[in-house]
6 protein chains.
Amino acid sequence: MVYLTRRETFNAAHRVYNNAWSEEKNKEMFGKCANKNWHGHNYQLFVTIKGKPDPDTGFIMDAKKLSDVIKREIVERFDHMNLNMDTPYFTDQQPSTENFCVVIWALIEPFITGGVLHCIRLQETENIYAEYYGEQ
Amino acid sequence: MVYLTRRETFNAAHRVYNNAWSEEKNKEMFGKCANKNWHGHNYQLFVTIKGKPDPDTGFIMDAKKLSDVIKREIVERFDHMNLNMDTPYFTDQQPSTENFCVVIWALIEPFITGGVLHCIRLQETENIYAEYYGEQ
Amino acid sequence: MVYLTRRETFNAAHRVYNNAWSEEKNKEMFGKCANKNWHGHNYQLFVTIKGKPDPDTGFIMDAKKLSDVIKREIVERFDHMNLNMDTPYFTDQQPSTENFCVVIWALIEPFITGGVLHCIRLQETENIYAEYYGEQ
Amino acid sequence: MVYLTRRETFNAAHRVYNNAWSEEKNKEMFGKCANKNWHGHNYQLFVTIKGKPDPDTGFIMDAKKLSDVIKREIVERFDHMNLNMDTPYFTDQQPSTENFCVVIWALIEPFITGGVLHCIRLQETENIYAEYYGEQ
Amino acid sequence: MVYLTRRETFNAAHRVYNNAWSEEKNKEMFGKCANKNWHGHNYQLFVTIKGKPDPDTGFIMDAKKLSDVIKREIVERFDHMNLNMDTPYFTDQQPSTENFCVVIWALIEPFITGGVLHCIRLQETENIYAEYYGEQ
Amino acid sequence: MVYLTRRETFNAAHRVYNNAWSEEKNKEMFGKCANKNWHGHNYQLFVTIKGKPDPDTGFIMDAKKLSDVIKREIVERFDHMNLNMDTPYFTDQQPSTENFCVVIWALIEPFITGGVLHCIRLQETENIYAEYYGEQ
């Protein structure tokens with residue numbers, strides 16, 4: 001078993017805000033992350049798959065094909081978007097790095113061939129990242 | 001003459017959109033950067049000053065004091081903000097990396113002591129940055 | 001189960017030297033790391049916790065609160081300190097990256113809420129880091 | 001159990017090309033990676049060992065000695081070499097990042113002392129890396 | 001005057017070898033860089049232009065258009081190529097980082113609009129880069 | 001004229017403390033940087049030379065030879081040392097990043113061949129660096 005990781009990047013706006021709470025409680029709980037008019041990040045996404053390298057190609061899954069999947073399923077959907085307003089994934093949950101990882105796993109997992117999806121790592125800033133290894 | 005550079009970081013949302021143009025022309029000129037609901041970046045700001053190190057301290061300007069100035073004048077103003085909506089600096093000009101550098105220069109320059117401001121470098125993504133050295 | 005990692009940085013001096021050994025044996029075993037008058041590093045600390053994101057916040061533990069814990073328990077204790085002289089943790093063991101990870105785990109673990117501590121990763125130089133996952 | 005990782009770097013040329021296939025199929029499958037006259041990479045190698053820190057040294061294995069092993073067994077063999085032409089490891093398999101990890105594991109594993117080899121991570125570009133944890 | 005920098009990356013093989021010299025002198029002068037069967041690098045290219053931001057766009061030159069120029073003129077020409085064998089630029093001069101910068105300047109300069117080309121910076125490894133500011 | 005930069009790294013301990021001042025004034029001016037028992041940094045040194053590439057080699061100065069000079073003159077002198085106690089350069093001036101740049105310039109400048117020394121850049125932390133271009 002070998003693991004292969006491919007990185008892609010995208011930029012998006014978001015806001016962490018719980019509509020069931022008062023403005024005050026949102027400020028208390030989320031601080032600047034609840035600011036009304038959004039803020040944004042340069043996201044770095046690392047997708048790790050695992051499997052046996054194919055004897056003909058030496059690849060688990062061609063890193064170029066894996067890149068194509070990530071670009072089509074994730075970058076096209078989220079790049080230069082507002083996570084709260086432009087996508088359907090964060091209407092019932094916060095667009096936190098943690099939740100975003102789980103969303104990305106579900107979107108990419110059906111398209112992994114040659115191996116299986118092992119980990120979604122999403123870096124939000126140089127100081128914060130989340131990882132999801134699927135339901136276990 | 002020695003140069004000292006201090007880095008600080010902040011996150012913000014923005015949109016590049018010219019109100020004098022049609023929706024179509026904006027899309028043609030700015031592509032995804034004109035998306036309606038904003039996107040955002042992790043900005044890295046590098047402030048460079050120049051001067052002679054003080055014989056008593058060895059510092060041009062204490063890097064901690066320089067950090068305090070940058071945090072008070074720039075990070076407090078822009079961190080987790082929408083550059084277009086929450087600040088007065090981009091109503092008559094685009095919040096491009098180029099223009100943002102010039103805005104930052106004007107905000108920081110009055111507070112540099114010990115030396116003089118030499119350069120504002122603003123990194124918008126890992127692939128794009130702008131620099132401004134003042135009017136010359 | 002999702003994993004969240006927060007990075008903090010600090011600078012410290014240390015020396016690897018075994019008092020039970022001769023000067024010669026220390027030099028032979030530790031080389032420059034045993035130099036008499038200390039040397040130092042810019043440490044990067046990565047603290048990883050795991051848990052289920054809270055439905056209200058989307059967070060396992062608020063990254064800001066996790067940052068506060070790391071700053072209070074680790075950065076305040078070790079930043080700009082001499083690990084051997086200024087702290088009680090390395091009188092009976094070497095201030096190696098490996099041992100330092102275990103020390104940090106014990107100091108942070110009681111204050112993790114929402115999830116549990118998963119990993120302490122400490123980067124000593126760009127070429128060396130250690131990780132500790134607790135007693136297992 | 002603590003984990004220690006040491007990074008080393010080297011540069012090499014390679015080409016991914018399956019001699020059992022036609023030129024057309026190689027181009028279709030491997031794209032530019034099959035270009036006739038080679039291309040190359042700055043490889044970053046991360047070797048992770050695990051074990052209990054020695055009470056006298058605080059080390060699992062002295063990072064300097066681990067570095068010496070990696071330099072002697074890997075950097076000397078592969079630095080400024082053509083993986084396909086100058087080494088015997090890729091005559092029956094492709095010099096993919098995945099296969100290269102397995103080759104490096106076998107070369108380094110016999111020389112790890114104090115602990116055991118845990119992981120070989122090989123970064124081929126800033127966007128691609130592979131990991132191998134041995135046969136399990 | 002504001003400066004804008006755009007980064008692009010590519011991978012290539014090369015060899016530094018002077019045909020007018022003996023094998024021994026090449027080894028003595030160039031060491032491993034003269035190895036017969038090539039080696040390679042992940043090149044990072046930083047192209048800096050200078051000019052006045054356009055009042056309508058806020059851009060000196062649209063970073064996307066600058067990226068398109070770099071990809072068409074440089075990445076297409078050199079990515080996954082052998083600098084010595086596959087390109088006409090290094091038949092009468094060595095493919096050193098220094099010379100490569102001058103070659104890239106000449107290829108990109110005619111296509112810069114809005115501002116003028118200011119600097120070509122080419123990073124060959126994490127430890128070596130060259131810069132060229134044109135004939136002055 | 002082309003510029004070539006070579007990076008080397010070393011680790012050292014230091015303390016910023018003015019003996020002509022009281023303990024209180026030192027704390028007030030230097031904060032944690034004046035802590036009694038030293039702290040330290042992973043220094044990154046970037047040495048830039050400028051000149052015309054030699055027609056035979058394509059090099060201004062062979063980057064390997066430049067590396068040898070930096071290692072002999074700087075790394076050997078300062079690596080794993082206490083800047084205040086183990087070196088004669090900071091008895092009459094503070095071991096600030098600014099002053100350290102000027103010291104390094106004087107030590108390296110006599111050994112640059114093929115071109116001339118252009119800049120010493122010394123990175124003390126990821127947030128602070130100084131540059132010196134010689135007396136002008």
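The values are calculated or read from the model by the stated rules, or taken from the named source; none is laboratory data. Just so it is clear, the structure is predicted and the values come from calculations on it, not from any experiment. Cβ atoms come from the backbone with ideal geometry, glycine included; neighbour counts cover every protein chain shown. SASA here: full protein model, heavy atoms, side chains in, ligands and nucleic acids out. Shrake-Rupley method; radii C 1.70, N 1.55, O 1.52, S 1.80 Å.
Scanning segment F:14-63 for residues that are closer than 24 Å to F:CYS119 by Cα and small (Gly, Ala, Ser) gives F:GLY40, F:GLY51, F:GLY58, F:ALA63. Of all the residues in segment C:17-36, those that are within 24 Å of the chain's Cα centre (by Cα), over 17 Å from F:PHE78 (Cα atoms) and open to solvent by 90 Å² or more (accessible area, probe 1.4 Å) number 1. Close contacts from segment C:23-46, counting a first residue that is free of Cβ contacts under 8 Å to residues at least 40 places away in the same chain and more than 8 Å from every other protein chain (Cβ to nearest Cβ) and a second that is surrounded by fewer than 18 Cβ atoms within 10 Å (Cβ to Cβ) and assigned to a loop (DSSP other than H, G, I, E, B), with Cβ to Cβ under 7 Å and a gap of 6+ residues or different chains, come to C:ASN26/C:ASN18.
Based on this model, can you work out whether C:TYR89 counts as more than 30 Å from A:GLY134 (Cβ to Cβ), open to solvent by 40 Å² or more (accessible area, probe 1.4 Å), of a type outside the set (A, V, I, L, M, F, W, C) and within 13 Å of the chain's Cα centre (by Cα)? Judged against the criteria, C:TYR89 is a match.
Report, by residue number, each residue of segment A:112-125 that is of a type outside the set (S, T, N, Q) and either facing another protein chain (nearest Cβ under 8 Å) or more than 9 Å from the chain's Cα centre (by Cα) (or both).
Going residue by residue through segment A:112-125, those that are of a type outside the set (S, T, N, Q) are A:112, A:114-122, A:124.
Correct list: A:ILE112, A:GLY114, A:GLY115, A:VAL116, A:LEU117, A:HIS118, A:CYS119, A:GLU124.
The residues listed here are B:GLU98, B:GLU76, B:GLU24; of these, the one that is acidic (Asp, Glu) and touching a Pro at 6+ places or on another chain (Cβ under 7 Å) is B:GLU98. When restricted to residues that are small (Gly, Ala, Ser) and not in a loop (DSSP other than H, G, I, E, B), segment E:100-132 contains 2. What do you reckon, is E:THR57 away from chain D (no Cβ under 13 Å) and open to solvent by 30 Å² or more (accessible area, probe 1.4 Å)? When the stated conditions are applied, E:THR57 does not pass them.
Any residue that is open to solvent by less than 40 Å² (accessible area, probe 1.4 Å) and either within 9 Å of another protein chain (Cβ to nearest Cβ) or over 27 Å from F:ASN127 (Cα atoms) (or both) - is there at least one of those in segment B:102-111? No - not one qualifying residue is present in segment B:102-111. Scanning segment A:64-95 for residues that are within 14 Å of chain C (Cβ to nearest Cβ) and either in contact with a Gly (Cβ under 8 Å, 6 or more places away or on another chain) or in contact (Cβ under 8 Å) with a residue 24 or more places away in the chain (or both) gives A:LEU83, A:ASN84, A:PHE90, A:GLN93, A:GLN94, A:PRO95. Checked against the criterion of being modelled with pLDDT of 95 or more, touching a strand residue (DSSP E or B) at 6+ places or on another chain (Cβ under 6 Å) and open to solvent by 40 Å² or more (accessible area, probe 1.4 Å), the candidates E:LYS50, E:LYS64 yield just one match: E:LYS50.
Buried (at least 23 other Cβ atoms within 10 Å of the Cβ), closer than 27 Å to E:VAL16 by Cβ and either at pLDDT below 95 or hydrophobic (A, V, I, L, M, F, W, C) (or both) - does that describe any residue in segment D:37-45? Within segment D:37-45, one or more residues are buried (at least 23 other Cβ atoms within 10 Å of the Cβ), closer than 27 Å to E:VAL16 by Cβ and either at pLDDT below 95 or hydrophobic (A, V, I, L, M, F, W, C) (or both). Quick check on segment B:126-136: of everything there that is surrounded by fewer than 18 Cβ atoms within 10 Å (Cβ to Cβ) and either under 13 Å from the mean Cα position of the chain (by Cα) or in contact (Cβ under 8 Å) with a residue 24 or more places away in the chain (or both), which residue is farthest from the other protein chains (Cβ to nearest Cβ)? For segment B:126-136, the residue satisfying everything is B:GLY134.
Could you tell me which residue of segment C:72-86 is most open to solvent (accessible area, probe 1.4 Å), considering only residues that are acidic (Asp, Glu) and more than 22 Å from C:GLY51 (Cβ to Cβ)? Before the answer, list the steps.
Step one: filter segment C:72-86 for residues acidic (Asp, Glu), giving C:73, C:76, C:79, C:86.
Now drop any that are not more than 22 Å from C:GLY51 (Cβ to Cβ), which leaves C:76, C:79, C:86.
Working: C:GLU76: 137, C:ASP79: 13, C:ASP86: 59 Å².
Checking each candidate, the answer is C:GLU76.
Test C:GLU8 against the criterion of being in contact with a Lys or Arg (Cβ under 7 Å, 6 or more places away or on another chain), surrounded by fewer than 21 Cβ atoms within 10 Å (Cβ to Cβ) and not basic (Lys, Arg), and give yes or no.
Working: in contact with a Lys or Arg (Cβ under 7 Å, 6 or more places away or on another chain): yes; surrounded by fewer than 21 Cβ atoms within 10 Å (Cβ to Cβ): yes; not basic (Lys, Arg): yes.
Considered against the rule, which asks whether it is in contact with a Lys or Arg (Cβ under 7 Å, 6 or more places away or on another chain), surrounded by fewer than 21 Cβ atoms within 10 Å (Cβ to Cβ) and not basic (Lys, Arg), C:GLU8 comes out as yes.
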